[in-house]
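Everything on this sheet refers to the single structure shown next.
Coordinate-derived values only; no laboratory data. As the structure is a computational prediction, the values presented were derived from the model and not from experiment. Cβ placement follows ideal geometry from the backbone for every residue including glycine, while neighbour counts extend to all protein chains displayed.
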Amino acid sequence: MARRSNELGPIEVDVRDNNVNRAMNKLKREIGREGISRELKRRRFYEKPSVAKRRKQREAERRRRKEERRRKKRKRRRRNR
């Protein structure tokens, strides 16, 4: 069962054929995809506002660079057709 990004509520995983290991792996993937473990790690200790600001700027820059790489990759694919 896939979750949408705007969906709120608990993460649910179906256990089929009593296969708990497979369900656990699926749950771990969902938690990773949602960023829950990263958020818990980040909230473990107090973060000064100046440090939080720098972290957010780094994350935004990383997202911008990633999007730029994707655009270039798409552009190359279109050119090679």
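Cross-link partners of K41 among lysines, defined as those whose alpha carbon lies under 29 angstrom from its own and excluding same-chain residues fewer than eight positions apart: K26, K28, K53, K56, K66.
With helices as the sole contributors, the chain gives -23000 deg cm²/dmol at 222 nm; each DSSP H run of n ≥ 4 counts as -39500 (n - 2.57), and the sum is divided by every residue. Remark: the chain carries a charge dipole of roughly 1340 debye about the Cα centre, counting +1 on each Lys and Arg Cβ and -1 on each Asp and Glu Cβ. Counting Lys and Arg as +1 and Asp and Glu as -1, what is the net charge of the other residues whose Cβ lies under 13 Å from the Cβ of K41? Its environment carries a net charge of +3.
Would you work out which of G9, Q57, L27 lies farthest towards the positive end of the dipole of the chain, given +1 charges on the beta-carbon of Lys and Arg and -1 on that of Asp and Glu, about the Cα centre? Comparing the listed Cα positions along the dipole, Q57 ranks first.
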